[in-house]
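Enquirer: I'd like to ask you about the structure that follows.
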Amino acid sequence: MQFIDLAQQTRILGQVAPTLKSLRQEVESVRAGQIARPLREIGPIALRAQELALQCTQQVALLSTSQYAAMKDGHENLAKLVEATTQVSLAATLCTIAIHHRTEVLLYEDADETPAASRSTLAKATEELDRAAKTYARQAQRLSYRLASFAARREDQQLIAQAVVDMGGTSTPKAHAAELEDAVPSMAGTGTPQHVSTAPAASAPSHQVSPSARRR
């Protein structure tokens, strides 16, 4: 198990949803037009969607090998993120298919010369982007809440400690939980649990030893 900065991962999760909504708006804008230049109009959107799907896959792979998987409902949350990543990738594929619908008139005599087929395919792409955006927004909110809640944070520390022991660690869950305080950092003071915070974590106060204590 590798320990990662969950506050940073929360911010990344929170940034995906608005990005997906922006892509959806672009798809809808193209869908409302004549799609006269499919490669120029849809191509860049398909590429950005596929790049985002790759980035999302990389993040899920990182989370799956971290303490995130050991937290409450960790594996279920990972499964939801995998599904959302698949939806983003599917949206990118649908955009590519929409390009084909408009360019196949150059290949087949009986092809539909209207943008109807492309519009229908793009509509499906927007649906996939909508689903993925909702999932990412929920997962970012959920992780933000667990980091901000003292009770949830302590629960996750115990679960992570137990997971470490199950993987061959030598410490007992109770003893190891104290060592995992930094593994599940608090987001208290950076915003309410319902919102993803982008404020940097405050540095821990230094502990100074008085001269008299050092002499003793």
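The values are calculated or read from the model by the stated rules, or taken from the named source; none is laboratory data. This is a predicted model, so every value here is computed, not measured. In this analysis, Cβ positions are derived from the backbone assuming ideal geometry, glycine residues included, and neighbour counts consider all displayed protein chains. Just the protein is used for accessible areas: all its heavy atoms, side chains included, with ligands, DNA and RNA removed. Shrake-Rupley method; radii C 1.70, N 1.55, O 1.52, S 1.80 Å.
Enquirer: Taking every Cα atom in segment 7-103, find the radius of gyration and the maximum pairwise distance Dmax, and write them in Å.
Expert: Values for segment 7-103 (Cα only, Rg and Dmax): 15.7, 50 Å.
Enquirer: Read phi for every residue in segment 134-142 and hand back ³J(HN,Hα) as whole Hz from Karplus 6.51 cos²θ - 1.76 cosθ + 1.60, θ = phi - 60°, with x for Gly and Pro.
Expert: Along segment 134-142, the couplings run 5, 5, 5, 5, 5, 5, 5, 5, 5 Hz.
Enquirer: Then there's this: Give the carbon-plus-sulfur fraction of the accessible surface of segment 1-50 in %, rounded to a whole number; probe 1.4 Å, heavy atoms of protein chains only.
Expert: It is 51 percent, rounded to a whole number.
Enquirer: Averaged per residue, what accessible area in Å² does segment 62-125 show with a 1.4 Å probe, protein chains only?
Expert: Per-residue accessible area for segment 62-125 comes out at 49 Å².
Enquirer: Would you mind estimating how fast segment 89-140 diffuses translationally, via Stokes-Einstein at 37 °C and 0.692 mPa s with the Kirkwood radius over Cα pairs, in µm²/s?
Expert: For the chosen part, D equals 274 µm²/s.
Enquirer: Oh, and also: What FRET efficiency comes out for GLN25 versus THR65 if R0 is 30 angstrom and r is the Cβ-Cβ distance? Round to the nearest 0.05.
Expert: Between GLN25 and THR65 the formula returns 0.30.
Enquirer: Let me check something: with ligands and nucleic acids excluded, how do PHE3, PHE150 order by accessible area (1.4 Å probe), largest to smallest?
Expert: Listed by decreasing accessible area, they come as PHE150, PHE3.
Enquirer: So, in nm, how far is label ALA123 from label HIS100 when the simple model puts each one 7 Å beyond its Cα toward the Cβ?
Expert: With each label point 7 Å from Cα toward Cβ, the separation is 2.0 nm.
Enquirer: Could you give the length gained on full extension between LYS72 and ASP166, defined as 0.36 nm per residue of separation minus the Cα-Cα distance, in nm?
Expert: Length gained, LYS72 through ASP166: 32.3 nm.
Enquirer: Additional query: Given Cβ point charges of +1 (Lys, Arg) and -1 (Asp, Glu) and nothing else, what value in debye, to the nearest 20, does the dipole of segment 1-160 about its Cα centre take?
Expert: That gives segment 1-160 a dipole magnitude of about 740 debye.
Enquirer: Here is a follow-up. Please give the residues of segment 41-60, grouped as numeric ranges, whose backbone N is less than 19 Å from a label point set 7 Å along the Cα-to-Cβ vector of LEU107.
Expert: 41-44, 46-47
Enquirer: Report, as a whole number in µm² per second, the diffusion coefficient that Stokes-Einstein gives for segment 49-169 at 25 °C and 0.890 mPa s using the Kirkwood radius over alpha carbon pairs.
Expert: 146
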